[in-house]
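Peer 1: Pasting in a structure now, in structure tokens, and then I'll have a few things to ask.
The values are calculated or read from the model by the stated rules, or taken from the named source; none is laboratory data. The structure displayed is predicted, hence computed values, not measured ones. Because the Cβ atoms are built from the backbone with ideal geometry, glycine has one as well, and the counts that use them run over all protein chains shown. Just so you know, the surface numbers come from the protein's heavy atoms only, side chains and all, with ligands and any DNA or RNA stripped out. Shrake-Rupley method; radii C 1.70, N 1.55, O 1.52, S 1.80 Å.
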Amino acid sequence: MKKQIKCIRNKVKDNMPLIHCITNPISINQCANALLAIGARPIMAEHPKEVRQITSTAQAVLLNLGNITDVRMEAMKLSLAAAKEKNIPVVLDAVGIACSDPVRNYTNELLNIGIPEVIKGNYSEINALYCDMYSSAGVDADEKIDIGSIDRAAMTLAEKYNTTILASGKTDIVTDGKQLIHIKNGTRQLASVTGTGCMLGSLCAAYLSQTGIMQSGGLEAAMTACVVLGICGQLAQTDEGNGTFMVRLMDYLTTLTHGPVSYTHLRAHETRRH
């Protein structure tokens, strides 16, 4: 796994892929800087009249549903359609789906246009995509949700959409419906500053640009993004405050060479027995 992660990271640095991010203004700066830190090139175009052209020149696309607007809703549909026409891999970050019916309905509209290679969300968001009756307050994950139920939800969704599901939380869950990976790197301090979940989505898109549109590519990209952000978060931990933590996090994203990878790799059918 370590060699695989190193190879994907080196490919990003060597190839400097252009990553088209249509994301929310709350985290747009963090996402762009995170991409620059790992060696990718961000472009954050969101006007409906330009997104098809921009998407067509990118190596991967991130669609982030946070703080959604009518303009971005139109732009994301156009971008997703262009990506599917050109076989450009896509990450969909379903921010807000658990607390907003309009976002839930819009997510289904996007999935009717094309299925992203990776669908990402926190535990609550993945649970909401799995269960129409589930809802939560706000965009933060419900800490009462047990990991076993998210395992089952993520695997079911992966099989339903034939894609990779990334459920972020204290333990990050990545599955393609056949393999199930629990990634245990990270720190609670990542939740103390806004935008780190969105940064995870942007990293995933960058690594996806190098692993391709095949299903295993989504699994490898999501796994790499979780490990890299988690290790950098661990290294960046500080008692000096949130501002210092964010600076340190960005520094480690830029300079990371190796770290203590912590994960469990299961077969999906093994988990379904429990």
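Peer 1: Which whole-angstrom value gives the distance between the alpha carbon centres of region 13-41 and region 142-219?
Peer 2: 18
Peer 1: Which of the peptides 86-95, 156-165 is most tightly packed, and how do the rest follow, judged by the mean count of other Cβ atoms within 10 Å per residue? Don't jump to the answer; show the numbers that get you there.
Peer 2: On the way: 86-95: 23.9, 156-165: 20.0.
Peptide ranking by packing, descending: 86-95, 156-165.
Peer 1: Let me ask something additional. Going by a ≥ b ≥ c, the root eigenvalues of the Cα gyration tensor, does region 34-80 fall in the rounded group (a/c under 1.5), the prolate group (a/b larger than b/c) or the oblate group? Before the final figure, lay out the partial values.
Peer 2: Details: a/c = 2.48, a/b = 1.46, b/c = 1.71.
Oblate is the answer for region 34-80, as a/c is 1.5 or above yet b/c matches or exceeds a/b.
Peer 1: Give the shape of the chain as rounded, prolate or oblate, defined through the alpha-carbon gyration tensor: a ≥ b ≥ c are the square roots of its eigenvalues, a/c under 1.5 means rounded, and otherwise the shape is prolate if a/b is larger than b/c and oblate if not.
Peer 2: Details: a/c = 1.24, a/b = 1.04, b/c = 1.19.
The shape class here is rounded.
Peer 1: Sticking with this one: Measure off, as a whole percent, the carbon and sulfur share of the 1.4 Å-probe accessible area of the chain, all protein chains present. Mind showing how you got there, number by number?
Peer 2: Working: 6050 of 11930 Å².
Ligands and nucleic acids excluded, carbon and sulfur reach 51 percent.
Peer 1: On to the next question. Which whole-number percent is the relative contact order of the chain (Cα, under 8 Å, 6+ apart)?
Peer 2: On the way: 542 pairs, mean separation 51.6, N = 274.
Reported as a whole number, the value is 19 percent.
Peer 1: Assign one of three labels to region 8-93, namely rounded, prolate or oblate, based on the Cα gyration tensor with a ≥ b ≥ c the square roots of its eigenvalues; rounded applies when a/c is under 1.5, prolate when it is not and a/b is larger than b/c, and oblate otherwise. Please report the intermediate quantities before stating the final value.
Peer 2: Working: a/c = 2.16, a/b = 1.31, b/c = 1.65.
Judged from the Cα gyration tensor, region 8-93 comes out oblate (a/c at least 1.5, b/c at or above a/b).
Peer 1: Dipole of the chain, Cα-centred, from +1 at each Lys and Arg C-beta and -1 at each Asp and Glu C-beta, to the nearest 20 debye?
Peer 2: Working: 26 positive and 25 negative charges, 173 e Å.
Here the chain has a charge dipole of around 840 debye.
Peer 1: OK, next. Using all C-alpha to C-alpha distances in region 139-226, build P(r) with 5 Å bins and read off the rounded percent in each one.
Peer 2: 3, 15, 25, 25, 20, 10, 3, 0
Peer 1: Still on this structure, please answer the following. Please list the three semi-axes, largest first and in whole Å, of the ellipsoid equivalent to region 1-48, using sqrt of 5 times the eigenvalues of its alpha carbon gyration tensor. Please report the intermediate quantities before stating the final value.
Peer 2: Details: eigenvalues 117, 25, 14 Å².
So the equivalent ellipsoid measures 24, 11, 8 Å along its semi-axes.
Peer 1: Show me 106-114, 194-202, 13-21 ranked by packing, highest mean number of other Cβ atoms within 10 Å first.
Peer 2: Numbers: 106-114: 16.0, 194-202: 24.3, 13-21: 18.8.
Result, highest mean first: 194-202, 13-21, 106-114.
Peer 1: Name the most mobile residue of Ile68, Ile97, Ile126, meaning the one with the largest mean-square fluctuation, in a Gaussian network model of the chain with Cα contacts below 10 Å.
Peer 2: Ile68
Peer 1: Under a point spin-label approximation (7 Å from Cα along Cα-to-Cβ), what is the Tyr161-Val247 distance to one decimal in nm?
Peer 2: 3.8
Peer 1: Still on this model: Rank Arg248, Arg72, Arg41 by mean-square fluctuation in a GNM of the chain with C-alpha springs under 10 angstrom and give only the top-ranked residue.
Peer 2: Maximum among the listed residues: Arg248.
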